[in-house]
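Worksheet: one structure, shown below.
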Amino acid sequence: MADTTVLRDGLHFGEGPRRGPDGRLYYSDFYAGEVHALDLATGDDELVVAFDGQPSGLGWLPDGRLLVVSMLDRTVRRLEDGELVLHADISDIATFHANDMLVDGEGRAYVGNFGFDLHGLIDEVGLPRLLEPDFAPEGASLALVQPDGSVSVAVEDLKFPNGMALLPDPAGESESGTTLVVAETVAFKLTAFSVDLDGSLRGRRVWADVKELGIAPDGIAGDGDGVWVAPALQPAVFRVTEGGEVTHRVETTQTCFAVAVVGDKLVCLTAPDSHPNVVKPERLGKIEVYELS
């Protein structure tokens, strides 16, 4: 039995949940080409913007302008007067679909990408192949987009860099006092970096290996000294601390692919599958909520 409450259904495939500056939950619906804002208290849902593309990661510049990852053309768009305009082109860095994004307080955006055709590979060799010890996926680079739209490589050779979270750095190893944790989906681990004042990353290290838990980490959300992890292979969400200890497990009605912490609520975006052949023709995606307090 699920621990969550379904707040909204009828999505194709929800992604990129973030608490917006106005306190609402913002999220993308891949195959509807839409970004929405949902009031978790009332259930009111507003269409923020729609475009002829596939939106994913979301974030905001310090002045409140919304940034949206456009997956298929591997760009970051910026919402200006109701229209999405080009903010940054990361196609020289992203080797396949752009995906999740984290925007820090300075307006710097870290943007991941698939690195290879995941669903094409699954069609060819089957999902179990990805779980075998000798599976060696192609690496991908994490893009760093400055507030002015200039682009550079933040770090190379990540295995499907996906969800990200900024955590405090109590050891003081970073100039900024923060640690960036990145979900490497097909490496089945969370990788951490110290963040310097200019946003550059260093000190790469394994933060948590979660393969034995059956977790292919997709979206993640920071929560104190831990992260909530959407496992992409299970109808659940896990709170994990450094070293891989699971402190909490929350059951969802179907597989969880993305998470966000909004106030005292854990928000889980779920779907029966991630394969476009399954979720694109239907509207089976849900937004599920779990009370943290």
Among the candidates A260, A236, A208, A271, single out the residue that is surrounded by 20 or more Cβ atoms within 10 Å (Cβ to Cβ), farther than 28 Å from H12 by Cβ and not aromatic (F, W, Y). A208
Please go through the stretch 23-37 and pick out each residue that is out of contact with any Lys or Arg (no Cβ under 6 Å at 6 or more places or on another chain) and either under 16 Å from V267 (Cβ atoms) or not aliphatic (A, V, I, L, M) (or both). G23, R24, L25, Y27, S28, D29, F30, G33, E34, V35, H36
Taking the residues in the stretch 151-186 that are under 21 Å from D89 (Cβ atoms), β-branched (V, I, T) and crowded, with 17+ Cβ neighbours inside 10 Å as candidates, determine which candidate is nearest to the chain's Cα centre (by Cα). V155
Scanning the stretch 89-137 for residues that are in contact with a strand residue (DSSP E or B) (Cβ under 7 Å, 6 or more places away or on another chain) and of a type in the set (F, W, Y), the one nearest to S152 (Cα to Cα) turns out to be Y110
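So that you can scan it fast, the table gives a plain yes or no per residue for (1) in contact with a Lys or Arg (Cβ under 6 Å, 6 or more places away or on another chain); (2) hydrophobic (A, V, I, L, M, F, W, C):
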{"position": "D169", "(1), (2)": "no, no"}
{"position": "V181", "(1), (2)": "no, yes"}
{"position": "F188", "(1), (2)": "yes, yes"}
{"position": "S194", "(1), (2)": "yes, no"}
{"position": "W207", "(1), (2)": "no, yes"}
{"position": "A216", "(1), (2)": "no, yes"}
{"position": "A221", "(1), (2)": "no, yes"}
{"position": "D225", "(1), (2)": "no, no"}
{"position": "A236", "(1), (2)": "yes, yes"}
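Residues checked against (1) under 19 Å from G285 (Cα atoms); (2) of a type in the set (S, T, Y); (3) modelled with pLDDT of 95 or more; (4) touching a Leu at 6+ places or on another chain (Cβ under 8 Å):
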position	(1), (2), (3), (4)
T5	yes, yes, yes, no
S28	yes, yes, yes, yes
A50	yes, no, yes, no
L58	yes, no, yes, yes
V76	no, no, yes, yes
Quick count over the stretch 58-98, residues being polar (S, T, N, Q) and in a strand (DSSP E or B), is 2
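The values are calculated or read from the model by the stated rules, or taken from the named source; none is laboratory data. Keep in mind that this is a model prediction, so the values were computed, not measured. So basically every Cβ, Gly included, is an ideal-geometry build from the backbone, and we count neighbours across all protein chains shown.
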